[in-house]
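One structure is given here, and the rest of the page talks about it.
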Amino acid sequence: LWVALLDLVWRTTATAPPESANLLTLGCSALTLLFTAILLLKVASTGRLRPWRLPILALGLLGLMSNRTFLAWTSSGLDAALFNCLVLAWVTVVLLPSRSHWRWAVALGTVAALSALTRPDGLLIVGATLALFGLRAWGDWRSGSRPWGVAWGLLPLLALPLHLLWRFNTYGAW
């Protein structure tokens, strides 16, 4: 996915990957900070932590922005910033479910598929997504409703076998 994104930027803006990669990682890192802020505010939004929301947010973001590893990957020009952003997006979707089952499932399936297309580690996120879909479908079935929302979430995951077929067709290997 990272290479495809660099190619898309190159074709649309005529900015070669050596120039655009660092800007893209900076953008992904900014989104990582946004997802971190959303999650920190969610954690501190109830109970005794509510009055401490802003200090918790400030300390959390300061801790992340002063982490040397985070800063190194922020300006690396590599796919790690995109993958980190997608992992935090996945956690955000899991913890902040939509009122609509199908929107939640589609968002979760999309982020999981994108993470798996970015790095092989993303297959772990796909596995966790399938487990969550199974739990949600089982809960829906037990309550007497149909698990159609989960079925919609499986659609974005079809990108993975399609990608494998494309790879086999293009390179002759899985």
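The values are calculated or read from the model by the stated rules, or taken from the named source; none is laboratory data. Since the model is a prediction, treat every value here as computed from it, not as a measurement. Methodologically, a virtual Cβ is constructed for each residue, glycine included, from the backbone with ideal geometry; neighbour enumeration extends over all protein chains shown. These accessible areas exclude ligands, DNA and RNA; they are computed on the full protein's heavy atoms, side chains included. Shrake-Rupley method; radii C 1.70, N 1.55, O 1.52, S 1.80 Å.
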Can you work out which of the residues in region 105-136 that are of a type in the set (Ser, Thr, Tyr) and farther than 20 Å from Trp174 by Cβ is surrounded by the most Cβ atoms within 10 Å (Cβ to Cβ)? Thr129
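Residue-wise test of (1) part of a helix (DSSP H, G or I); (2) at pLDDT below 90; (3) under 27 Å from Asn22 (Cα atoms).
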residue	(1), (2), (3)
Phe70	yes, no, yes
Leu88	yes, no, yes
Trp102	yes, yes, no
Pro120	no, no, yes
Ile125	yes, no, yes
Leu130	yes, no, no
Arg136	yes, yes, no
Asp140	yes, yes, no
Sole residue being surrounded by 17 or more Cβ atoms within 10 Å (Cβ to Cβ) and more than 30 Å from Ala151 (Cβ to Cβ), chosen from Leu57, Leu71, Leu86, Leu82: Leu57
With the requirement that a residue be within 21 Å of Ala112 (Cα to Cα) and open to solvent by less than 40 Å² (accessible area, probe 1.4 Å), what does region 1-23 give you? Trp2, Leu6
Hey, any hits in region 36-59 for a residue that's under 14 Å from Asn84 (Cα atoms), assigned to a helix (DSSP H, G or I), modelled with pLDDT of 90 or more and of a type in the set (Gly, Ala, Ser)? no
Search result, residues across region 89-104 that are buried (at least 19 other Cβ atoms within 10 Å of the Cβ) and not hydrophobic (A, V, I, L, M, F, W, C): His101
Can you confirm whether Gly77 is at positive phi, open to solvent by less than 50 Å² (accessible area, probe 1.4 Å) and either at pLDDT 95 or above or not in a helix (DSSP H, G or I) (or both)? yes
Of the candidates Leu95, Leu41, Leu31, the one satisfying the condition of being closer than 30 Å to Ala137 by Cα and within 13 Å of the chain's Cα centre (by Cα) is Leu95
Would you please list the contacts, defined by Cβ atoms under 6 Å and residues six or more apart or on different chains, that run from a residue in region 146-174 that is over 18 Å from Leu123 (Cα atoms) and modelled with pLDDT under 90 to a residue that is open to solvent by 80 Å² or more (accessible area, probe 1.4 Å) and not hydrophobic (A, V, I, L, M, F, W, C)? Gly149/His101
Could you tell me how many of the residues in region 137-160 are under 22 Å from Trp90 (Cα atoms) and either of a type in the set (Asp, Glu) or open to solvent by 60 Å² or more (accessible area, probe 1.4 Å) (or both)? 7
Does Ser29 meet the test of being in contact (Cβ under 8 Å) with a residue 24 or more places away in the chain, of a type outside the set (A, V, I, L, M), open to solvent by 20 Å² or more (accessible area, probe 1.4 Å) and over 28 Å from Trp148 (Cβ atoms)? no
Residues Leu34, Leu61, Leu23, Leu41: which one is under 20 Å from Thr92 (Cα atoms) and without any contact (Cβ under 8 Å) to a residue 12 or more places away in the chain? Leu34
